[in-house]
1. Which of ALA88, GLY64, VAL128 sits closest to the plus end of the dipole of region 60-164, meaning its Cα is farthest towards the positive end, when Lys and Arg get +1 and Asp and Glu get -1 on the C-beta?
2. Filter LYS4/LYS31; LYS207/LYS279; LYS31/LYS279; LYS4/LYS279 down to the pairs with a C-alpha to C-alpha distance above 29 Å, please.
3. Can you pull the percent of Cα pairs in region 68-126 with separation above 12 Å?
4. Could you work out the percent of alpha carbon pairs in region 103-213 separated by over 18 Å, rounded to a whole number?
5. Kirkwood Rh, region 111-167, all Cα pairs: how many Å?
6. Consider just the alpha-carbon atoms of region 40-148 and return their Rg together with their Dmax, both in angstrom.
7. Is there a quick way to get the dipole size of region 161-282? I mean about its Cα centre, with the Cβ of Lys and Arg at +1 and of Asp and Glu at -1; what is the value in debye to the nearest 20?
8. Ratio of the chain's C-alpha Rg to 2.2 N^0.38 Å, to two decimals?
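A short reminder: the numbers here are calculations on the coordinates, not readings from a lab. From a predicted model like this one, the values you see are computed outputs, not experimental measurements. Cβ placement follows ideal geometry from the backbone for every residue including glycine, while neighbour counts extend to all protein chains displayed.
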Amino acid sequence: MSDKTMTADEAVSRLRSGMTLGIGGWGSRRKPMALVRALLRSGITDLTVVSCGGPDVGMLAAAGRIRKLVAAFVTLDSIPLEPHYRAARERGALELMEIDEAMFLWGLRAAAGRLPFLPVRAGIGSDVMRVNPGLRTITSPYVDGETFVAMPALRLDAALVHLNRADRLGNGQYLGPDPYFDDLFCEAADTAYVSCERVVDTAELTKEAAPQTLLVKRHTVTGVVEAPNGADFTSCVPDYGRDEALQRYYATTPWPEFAERFLGGGEPAYRSAVQDWRKERI
């Protein structure tokens with residue numbers, strides 16, 4: 001067993017243009033934003049992004065880094081539709097595979113199990129089949145003869161997720177109310193990079209919470225990045241909630257202006273820019 005710790009920039013340096021990239025979290029909740037910011041500092045582009053989308057998708061779409069998006073939604077939660085994603089979609093800047101949330105889950109499960117597809121009832125009788133003409137149905141070989149959507153595996157070249165705690169070996173722990181699909185993103189990917197609020201000794205992982213909070217297993221993880229406030233401005237409960245004021249500013253500010261102010265440097269520069277912005281508001 002080896003020490004898998006690295007910086008956000010080191011993790012992103014292992015990614016390549018044209019990859020299929022899964023991004024964990026849900027809407028504007030526990031998104032690996034420090035890793036997304038590092039990705040935005042790189043020259044990586046032409047990505048197929050698989051995400052329960054939030055500002056990760058909005059920022060990458062605004063920056064022109066996404067070729068294709070696979071998602072069930074793209075939201076900021078308290079702001080129903082992510083505005084920078086909407087603008088990119090309206091100008092035809094990316095291809096979209098929009099699917100039901102259950103189909104999204106089954107696609108990740110198929111990929112995690114290294115299966116080509118899994119049957120799912122979701123999508124039958126809906127416009128999902130019309131807007132995704134590449135999807136196929138399958139008939140049960142048993143006496144019921146039921147028809148299902150054959151949801152293809154969402155295989156990932158790499159995954160980025162953010163958790164509350166992790167050890168140096170790659171075991172990751174969530175302390176909030178919902179695991180989202182972060183474990184499946186890691187299992188569905190060839191490589192996975194976990195950022196966390198704090199890297200702790202392995203023994204400490206079960207001191208703070210029950211063993212079932214150990215969501216991500218080390219054998220699915222390639223790298224661990226200690227990134228305090230690494231989900232900001234999204235929430236990372238119970239460590240912190242969503243920064244609604246900064247999220248509103250992001251949602252109402254032209255992308256070039258927001259990017260120039262907050263995303264021109266590394267994480268220390270980002271935190272400094274956020275502090276300066278808060279002082280201005282006061």
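1. In region 60-164, that residue is GLY64.
2. On the way: LYS4/LYS31 21 Å; LYS207/LYS279 37 Å; LYS31/LYS279 25 Å; LYS4/LYS279 37 Å.
From the list (LYS4/LYS31; LYS207/LYS279; LYS31/LYS279; LYS4/LYS279), the Cα-Cα distance tops 29 Å for LYS207/LYS279; LYS4/LYS279.
3. The share of Cα pairs beyond 12 Å in region 68-126 comes to 72 percent.
4. That fraction is 59 percent.
5. Details: mean 1/r = 0.0729 Å⁻¹.
Over region 111-167, the inverse of the mean reciprocal pair distance is 13.7 Å.
6. 15.9, 55
7. Numbers: 13 positive and 20 negative charges, 43 e Å.
With only Lys, Arg, Asp and Glu charged at Cβ, the dipole is about 200 debye.
8. Cα-based Rg divided by the globular estimate yields 1.00.
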